[in-house]
Amino acid sequence: MIHVVSDRFSSQGLGSVLSEIFEKYVSSAPGFPNGTRGQKLVSVADFSGSHAGSRYDTYAFLLLDLDANDWWFQAQRAFRQEILKSRRLSFKALNDRFRRSALPVFINAANEIEGALIVVAVDKNTGSLFERSDDDEARELLGVWKKSVQEQVLRVAHLGSYLVAGFSAPNQNVLWIVDQDQIAANDGQLTQLTKIVAAVGVHYLKHDLGHLRCATTLSDDGSLAIEDLAAISDLAAGAFAEYFNAVTRQGRFPVKGVISLEPVGLSPKTRSLCRWLLDPGHPLSRLFLVLDRPNDGAGLRASKIKFEPYEPLVKTC
């Protein structure tokens, strides 16, 4: 069952819309990002829902301190050597029985990451989240992408920068990883994306960072560790694109104060992933948000979605 536990409305910028919900989430977190921090923050972004039949674009961001998760990289190496070998994990690839059989082990390990997984679903009826600029520098930065992709670039850059600002510690180095998809399909796009992220981040950050580096999953060293971090975001984005589409299609999208039943007809892989994502009480915390516009079309609204109860897919002994 799902319901809205809080919402935030603003005619101002994206940061203003997210601030109240996000600040409460960070301040109440029992672990990351509170407590001792490491030297490097890793942010891994993926998005789904770009196909024509989807009502929502979903953006998933995995954030973690590298120093606090050495054990995960050891477990990941063992997972690759003993179970999945070289096959890439992704939401679309879960039709493969070998990947499906490996999934419980993979997500059980993901649960124990000291970090946060943030999923933002944007109603496509919302339109653009940004005012268009005729500034020459802005046009040059965005010029390497088709106009149809520029909105996605800006959304990933702004949402990701906002989260990095909230989860990073002063003077941390930041490694930002995106999949090698339509927003970072070549070196030229990756270079421009890095410039945009750096320019956008200035507006959200309240402290200095060390160095910022953007990379794609192509930077993987052969261990598939970067690929597997990206897979966590990919699985979350894909599952919730299907979930929110089903909720809306069946007229069950939650409103504040009303509990909505789980939608029927979800694919088996989405049901399995939701049982993982909605299983509380793990070091990897979760936050689910929906961005849309009210019926009058004025301003932007952010809603925090709560899911309850859900029988966990796997239990950690």
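What a 1.4 Å probe finds exposed on the chain is 51% carbon and sulfur by accessible area, rounded to a whole percent.
For the range 9-64, the solvent-accessible area with a 1.4 angstrom probe is 42 square angstrom per residue. For the chain, modelled as a GNM whose springs connect Cα atoms under 10 angstrom apart, the maximal fluctuation among Glu262, Glu137, Glu151 occurs at Glu137. Maximal additional length on extending the Asp187-Ser267 stretch stands at 25.2 nm, based on 0.36 nm per residue less the C-alpha distance.
Computed per residue of the chain from DSSP H runs no shorter than four, each worth -39500 (n - 2.57), the mean residue ellipticity at 222 nm is -12500 deg cm²/dmol.
Working note: Cα gyration tensor of the chain, eigenvalues times five, square-rooted, sorted largest first, giving semi-axes of 27, 25, 20 Å. Extension gain for the segment Ser54 to Ile83, taken as residue separation times 0.36 nm less the Cα-Cα distance, is 7.1 nm to one decimal.
Once the Cβ-Cβ distance of Ala198 and Asn95 is raised to the sixth power relative to R0 = 51 Å, the FRET efficiency obtained is 0.85. Close amide-amide hydrogen proximity is noted between Gln180 and Thr217, Leu218, each under 5 Å apart and 5 or more residues distant or on a separate chain (H modeled in the peptide plane; Pro and chain starts excluded).
Entry comment: accessible area of the range 125-197 is 46 Å² per residue, from protein heavy atoms only and a probe of 1.4 Å. Mind giving me the FRET efficiency for Asn171 and Ser219? R0 is 22 Å, r the Cβ-Cβ distance, nearest 0.05 is fine. After rounding, the FRET efficiency stands at 0.40. Karplus-derived 3J(HN,Hα) values for the range 283-291, using 6.51 cos²θ - 1.76 cosθ + 1.60 with θ = phi - 60°, are x, 7, 7, 10, 9, 10, 10, 10, 10 Hz; glycine and proline are entered as x. Amide H contacts of Cys214: Trp176, each under 5 Å away and 5 or more positions distant or on a separate chain (H built 1.01 Å from N in the peptide plane; Pro and chain starts excluded). Amide hydrogen proximity for Gly49: with H placed 1.01 Å from N in the peptide plane, the residues at 5 or more positions away or on another chain lying under 5 Å are Thr58. Straightening the chain between Ser128 and Asp70 buys 16.9 nm, computed as 0.36 nm per residue apart minus the Cα-Cα spacing.
Using a Gaussian network for the chain with springs between C-alpha atoms less than 10 Å apart, which of these wobbles most: Ser101, Ser28, Ser48? In this elastic network of the chain, the residue with the biggest mean-square fluctuation among Ser101, Ser28, Ser48 is Ser28. Using the Karplus relation 6.51 cos²θ - 1.76 cosθ + 1.60 with θ = phi - 60°, the per-residue 3J(HN,Hα) values for the range 51-56 come to 5, 4, x, 8, 7, 10 Hz, with x marking Gly and Pro. In order along the range 71-86, the phi-based Karplus estimate (6.51 cos²θ - 1.76 cosθ + 1.60, θ = phi - 60°) of 3J(HN,Hα) comes to 4, 5, 5, 5, 5, 5, 5, 5, 4, 6, 6, 9, 10, 9, 6, 9 Hz; Gly and Pro are listed as x.
Straight-distance candidates among the lysines for linking to Lys147, with alpha-carbon spacing under 22 Å and chain neighbours fewer than 8 residues away dropped: Lys124, Lys195.
The values are calculated or read from the model by the stated rules, or taken from the named source; none is laboratory data. Computed from a predicted model, the values in this text were never measured in an experiment. In this analysis, Cβ positions are derived from the backbone assuming ideal geometry, glycine residues included, and neighbour counts consider all displayed protein chains. For the accessible areas, the whole protein counts, side chains as well, though only heavy atoms, and no ligand, DNA or RNA atoms are used. Shrake-Rupley method; radii C 1.70, N 1.55, O 1.52, S 1.80 Å.
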